[in-house]
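The next block holds one structure in the form of structure tokens; read it before the comments.
The values are calculated or read from the model by the stated rules, or taken from the named source; none is laboratory data. These numbers were taken from a predicted model, which means no experiment stands behind them. FYI the Cβ positions are ideal-geometry reconstructions off the backbone, even for glycines, and counts take in every protein chain you see. The accessibility values were calculated without ligands, DNA or RNA, using every heavy atom of the protein model including side chains. Shrake-Rupley method; radii C 1.70, N 1.55, O 1.52, S 1.80 Å.
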Amino acid sequence: MKQYHQPPSTHALAGRPVHAQQGVVLIISLIMLGLLSLMAATSLRNAGLTENLANNVRTTELATRAAEIALRYCETNAADFVVTDSGGPFWSQKTSKGVLTYWDSDRKYVNMPPATDMQQSGLRVTFKRRPECMVESQVKATQDGTGGTPVEDVSYVVTARGFGPEVANGTGQPDGTEVWLQSFID
């Protein structure tokens, strides 16, 4: 019987000497895998933050559009919606517990555009709480230019607030996106 013997100093296929493995490739691959995992986790976190930012911008824009609808509604009907109370800003009054706003407590001065105005504006979003507006008249006595009797000059301050789609329906202070707009009509 013939015995074939391979010399121990060379590899059978390559003809190279056999060296003892040190495990360096395994360590380098684990480090690379760890770095890739860290980069993937960072990318996922950044994508989530970007999505939250985009959602916040969207809800603010929707609340702004809703406030604009309410502002135009009250501007169009300013003479019918005038707040005639005196004694400070029409939208707040001092109480023993601090400031109560007419917006959130005494709602007799708050006006809301009809739902048809919201639909006609092209807004396809369902709002839980409709936008609100209020009109304050400011009467100034001026001369009529001839030096005669004073003439009352009436101007209006129109204030509106719109809410994002996430704000719950109700009459209290809103919890969520809220945008205030104001205009002056002479």
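Some observations on this one:
- Residue check for residue 156: open to solvent by less than 60 Å² (accessible area, probe 1.4 Å), modelled with pLDDT under 75 and either within 25 Å of residue 186 (Cα to Cα) or of a type in the set (Phe, Trp, Tyr) (or both): no
- Condition met for residue 59 (modelled with pLDDT under 70 and either assigned to a helix (DSSP H, G or I) or surrounded by 10 or more Cβ atoms within 10 Å (Cβ to Cβ) (or both)): no
- Residue that is nearest to residue 58 (Cα to Cα) [pool: residues in region 160-185 that are open to solvent by 30 Å² or more (accessible area, probe 1.4 Å) and assigned to a strand (DSSP E or B)]: 178
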